[in-house]
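Working notes for the structure below.
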Amino acid sequence: MPIKDHNLLLKITHPSRYIGEEVNSVKKDIQGVDVSIALIFPDIYEVGMSHQGLKILYKILNGFEWIAAERVFSPWTDLEEELRAGKIKPTSLESYRPLNSFDIIGFSLQHELCFSNILTILDLSGVPFLALDRDESFPLIIAGGPACFNPEPIADIFDAILVGDGEEATVEICKAVRKAKKEGLKKSDLLMELKRIEGVYIPSFFRPHYTHDGIFEHMEPLYGDYKEVHKSIVRDIDMYPFPDDQVVPFASLVHDRLAIEIARGCTRGCRFCQAGIIYRPVRERGAGSIVKKLDQALQKTGFEEVSLLSLSSGDYSCIAPLIKELMDRNSGKKIAVSLPSLRIDSLDPSWLEEIKRVRKTGFTLAPEAGNDRLRRIINKTLTDEDIMNMARDLYGAGWNLIKLYFMIGLPGESEEDVLDIIRLAKRVAGLAKGRGRREILNVSVSTFVPKSHTPFMWSPQISLEESVRRVNIIRDGLKGTRIHVKWNQPELSWLEGIFSRGDRRLAMALVVAWRLGARFDAWAEHFKIDTWEEAFQRSGIDPEYYLHREMSLEEIMPWDHIKSGVSKEYLVREWKRAFEEKATPDCRDKCLDCGVCDHREIDPVIHKDFLVPPTEKISETYAETDIRKYRMTFSKTGQASYLSHLELARLFMRAFRRAGLNMVFSKGFHPMPRISFSAALPVGTGSIHETLNIELYGIIPPMILKGALNSQLPEDIRITLVEDISNLKKEALIESHYRITLDGIEVDRACLDVFINSTSFPITKTTRGAEREVDARCLVKSIGFADPDTLNLVTSHVSGPEIKPAYIIKEIFGLRDDQIPFINILKTKQILG
C-alpha cells in the first residue's frame, strides 16, 4: 500500500515497505484492462516479497494485456493503527487503488498462522469477513497456497479457494470473471462457472455435518456433479514464464536474493511432510532453461546471490554440473549460489568447493530426529554417520557455522530420542576446527504438527506443556557448549496444530480472536495465547479435539473432499509402515502407486541430460592499473527519501550490476563492492546534492556512465554529475546545507536567538539504549529563518557523534516528539575538502 504522506511515513517503522515505485514493478492503466486482481500476501512486505509463488503469478497475469495484477501486503501494527486513526483504506503498491475497487482479491496462504491478518486487511478495506455477508458490490474474494489443502477453517471467508498449482488455474479464474463482467452475470452464476475449473473449491457448494457430540461426520456436496475437488497440476513448470524481470525491492527481504525453482515436488516420501505430498509429482526444470533464465534475470535485477529452490535441491538430476556451470558464469561477477533445502544424504562434498568460490553461503541440514530408529519411522533413511560425514566435510571445507534442524513430538518419540538430539549435536560440534567461544553450530528445534494429506495426519500432537519440557531438555543439555539453540515458540505450534486439522467451526473463533486483538500470530512478539484461549472458550471450541486425539484410520476428515492426488489408501499404508520402521523407497526409481500419476498426462518430469548454452566466463583477475575511481553526484527526493542508508547502498550496487559495470570488490571471505558515500542521511530526509565514490574496472566516459546508471535507477534518484577522481586525493565531508520547512508548527523565534548566542547547547543522544551528551552548538555553523515557515541550516562535520537536523530543530524550539514528522528537511548542498 504505497503511502505518500510524509507525516505518516515518519511515524512508522521501515517506511520503505510501503512506498512502491520499485524497479521492474508493473503499472497498467486500470481503465484499459478487463480484469484487475489484487495479489495479497498476508504478512509484511519483507516476507511476502521473498515468496516465489507471488512473483510467478505477478509475471504470468501481467503478461496478459487484459489483466492488471497488483501487490498488497499486511500493514505492520503501527501502520494499522495510523490507518484506523486516519480512516485510510489500504491500497495496492502499483496504482494506489483501494482493494474493494478490484475485480478479484486473492490471498496467498502459506501457513495457518497468517489467518488473522486476512481479517485485518478485509476490515481495513471495508469488506465483510464472511462470504454470505457480501453482496454483488464486493469483489470476488479467493485464496490459494499450501494452507488451502485443508481449507475448512477459513472456508466461510472465501467465495472460492484454489487448491494446487496456480499458473493455469488463476488465469482461468480471470477469464471467468471477464466473461461474467461482459455478460452481466451475478456472483452465484460466476461461482457455477468457477466450479468447472480444475482445483477450484467453492465452499458454499458444500455443507458440513457433525454428530450430536460434536464429531465431524461428513461433508455434503450440494451439487451432484461437484462432489470433490481435485488439485490443479501444472504438468511441466518450464511451460510457464519465469519472472526474470521480477521486482527489485528497496527493503531488505527475509530471502533477499534471486531465486529460481529448479524442481517442484519431492520423491523422498518423508511421512511428516505435507509439501512432499501436495506438490507431487516431481517436475524438474531443464538445466539449459535454468542457466538461460538466470542469465537474463541477473541482468534485469542485479541481485548478488542466486538460490536454487526445491524441496530437496540436492536431488535435482543435474545438480553437480549445474552448480559448476553457474559458478563458472558468475563467480567473476561475485555472484554467489546457495542451496536452501538440502538432504544430508544428497549432498556431495565436491559442491562445496564450487559454492565457496565467491562466499560461503549458509548450510542448513535437517536430520529431523536424533537417531536412526526415529528417522526410519519418518522415512528419512540417513544415519548418524551420514550426518557426521557431511558435517566433517563442511567444517573441513572452511565453513565455521552450520545449522541442524530437529523436530520434537514425532510419532514414536521417547525421552531417550530427545536426549539423542543432544548427543548428536555435541558429536557434530566436536568436528569443528579451532577453539574459543565462537558458536560453531546452530540447533533449531520445532514441535511436530500433524498435517492434512500426510501419513501422520492421524497422529496426536504433544501437549503444549510437554513441548516446552522437551525444548528445555535440549536447551539445558547444550548449555555451556559452542552450540546455539533456537526454537519455535511451542505456543505457535499449538495454534498451528488446531487449525491444520480444523473444520469450519474454527472460523468464528478466528473472528473472535481477531476482535480481541490477534495479529501476526506467526510473530512471537505479537502472539498472545491468552487471546486465543479466550476466543476458543467464547466460541465453544475445545482445542483438545483438534490437537490430542489419535484419530481412527476409518474416520472421515474435514478435508476428505479435497483431493491432493495421493490416495488415502496409500497414506494408510505409509502410516502402518512407519510403526514397522520400514523404509519406502524414492519413487524416482520405482512407481509406488501413490495415486498422483496417471502415466498419460501426469508423470514425473526428470531431466538427466545436462544441456546448456555456451558458457560466458568472466575473468576473475584484473590488473590494478585497470581500476578507476569515480565520484557521482546524485539527488534523492520524493519516495526515495524514505530509504535507509543501507537500502540506498544496496539499490546502487544492484543498479551498477544491471548497468553491466565491472565493480571492484574487496578481498576476503565476503567480497563487497568498493563503494562509499559521503554521508548517511536520516530516513525521510531528501537531498539534491549527495555524492558516492565507486571503483570500477576500465575507463568509462562520464556521460556514458551517467546515462547507463540513470536508466537503471528509480525516478526519484538521479545522477547529476560523474567525475573521474582517480588522481585526486581523498576528501572528507566538511559541511551540509539544509532547507527546513515547519509544516504547521508554530515556534518561538526567541528560542533561536538563545541557541545562536549560546556557547554550548548540550543534547542527549540515545544510541542502542546508551545515552550521551552532544554539544549541538559546535555542530551548527549557521541557522536562520528564510521566511516564517522555513529555516536554512548549515552543519559542520567534526569528529565524534552527530545529531540529526530534525532533532537539532526539536531541541532548539522545545518541540514534542509527535511534531518531528511535521519537520520537512531537504539537503541542498554539501562541501567536501
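The table below gives the values:
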{"read-out": "Counted residues, the range 163-193 - those being open to solvent by less than 20 Å² (accessible area, probe 1.4 Å), closer than 20 Å to D225 by Cα and out of contact with any Lys or Arg (no Cβ under 9 Å at 6 or more places or on another chain)", "value": "3"}
{"read-out": "Within the range 584-610, considering residues that are over 21 Å from N379 (Cβ atoms) and among the charged types (D, E, K, R), the one most open to solvent (accessible area, probe 1.4 Å)", "value": "R600"}
{"read-out": "Those strands (runs of 3 or more DSSP E) lying entirely in the range 696-785 with at least 3 residues of a type in the set (D, E, K, R)", "value": "717-724, 770-775"}
{"read-out": "Total residues in the range 730-780, condition farther than 30 Å from T637 by Cα and surrounded by 17 or more Cβ atoms within 10 Å (Cβ to Cβ)", "value": "1"}
{"read-out": "Any pair with Cβ under 9 angstrom, 6 or more apart, that starts in the range 641-657 at a residue that is under 21 Å from K333 (Cα atoms) and ends at one that is basic (K, R) and open to solvent by less than 10 Å² (accessible area, probe 1.4 Å)", "value": "L648/K636"}
{"read-out": "Where a residue in the range 456-468 is of a type in the set (F, W, Y) and its partner, wherever it lies, is surrounded by fewer than 18 Cβ atoms within 10 Å (Cβ to Cβ) and in a loop (DSSP other than H, G, I, E, B), with Cβ under 9 Å and at least six apart", "value": "W458/E550; W458/M551; W458/S552; W458/L553; W458/E555"}
{"read-out": "In the range 81-94, the residues that are part of a loop (DSSP other than H, G, I, E, B) and crowded, with 19+ Cβ neighbours inside 10 Å", "value": "P90, S92, L93, E94"}
{"read-out": "Exclusive hit being touching a residue at least 24 places away in the same chain (Cβ under 8 Å) and touching a strand residue (DSSP E or B) at 6+ places or on another chain (Cβ under 8 Å), set V282, V291", "value": "V282"}
{"read-out": "Criterion (under 30 Å from M663 (Cα atoms), without any contact (Cβ under 8 Å) to a residue 40 or more places away in the chain and not in a loop (DSSP other than H, G, I, E, B)) met by exactly one of L326, L352", "value": "L326"}
{"read-out": "Of all residues in the range 551-587 being assigned to a helix (DSSP H, G or I) and of a type outside the set (K, R), the one that is nearest to the chain's Cα centre (by Cα)", "value": "L571"}
{"read-out": "Unique match (being more than 28 Å from E525 (Cα to Cα) and not small (G, A, S)) among F73, F107, F115, F138", "value": "F138"}
{"read-out": "Complete set of residues in the range 413-462 that are among the charged types (D, E, K, R) and open to solvent by less than 10 Å² (accessible area, probe 1.4 Å)", "value": "D417"}
{"read-out": "Residue under evaluation C270, criteria (1) of a type outside the set (K, R); (2) in a loop (DSSP other than H, G, I, E, B); (3) open to solvent by less than 10 Å² (accessible area, probe 1.4 Å), criterion not met", "value": "(3)"}
{"read-out": "Boolean, S564 is of a type in the set (S, T, N, Q) and surrounded by fewer than 16 Cβ atoms within 10 Å (Cβ to Cβ)", "value": "no"}
{"read-out": "Unique match (being more than 23 Å from the chain's Cα centre (by Cα), touching a residue at least 12 places away in the same chain (Cβ under 8 Å) and open to solvent by less than 20 Å² (accessible area, probe 1.4 Å)) among A155, A143, A147, A131", "value": "A155"}
{"read-out": "Near pairs, Cβ below 6 angstrom, 6+ apart or cross-chain, from the range 532-553 (under 13 Å from L506 (Cα atoms) and without any contact (Cβ under 8 Å) to a residue 60 or more places away in the chain) to any residue that is aromatic (F, W, Y) and open to solvent by less than 20 Å² (accessible area, probe 1.4 Å)", "value": "P543/F536"}
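Conditions tested, residue by residue: (1) in a loop (DSSP other than H, G, I, E, B); (2) in contact (Cβ under 8 Å) with a residue 12 or more places away in the chain; (3) touching a Leu at 6+ places or on another chain (Cβ under 7 Å); (4) under 30 Å from E496 (Cα atoms).
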{"site": "N389", "(1), (2), (3), (4)": "no, no, no, no"}
{"site": "R392", "(1), (2), (3), (4)": "no, yes, yes, no"}
{"site": "Y395", "(1), (2), (3), (4)": "no, yes, yes, no"}
{"site": "N400", "(1), (2), (3), (4)": "yes, yes, no, no"}
{"site": "V418", "(1), (2), (3), (4)": "no, yes, no, yes"}
{"site": "K426", "(1), (2), (3), (4)": "no, yes, no, no"}
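The values are calculated or read from the model by the stated rules, or taken from the named source; none is laboratory data. All values reported here derive from a predicted model rather than from experimental measurement. Positions of Cβ are backbone-derived with ideal geometry, glycine not excepted, and every protein chain shown enters the neighbour counts. Accessible surface areas use protein heavy atoms only, side chains included; no ligands, DNA or RNA. Shrake-Rupley method; radii C 1.70, N 1.55, O 1.52, S 1.80 Å.
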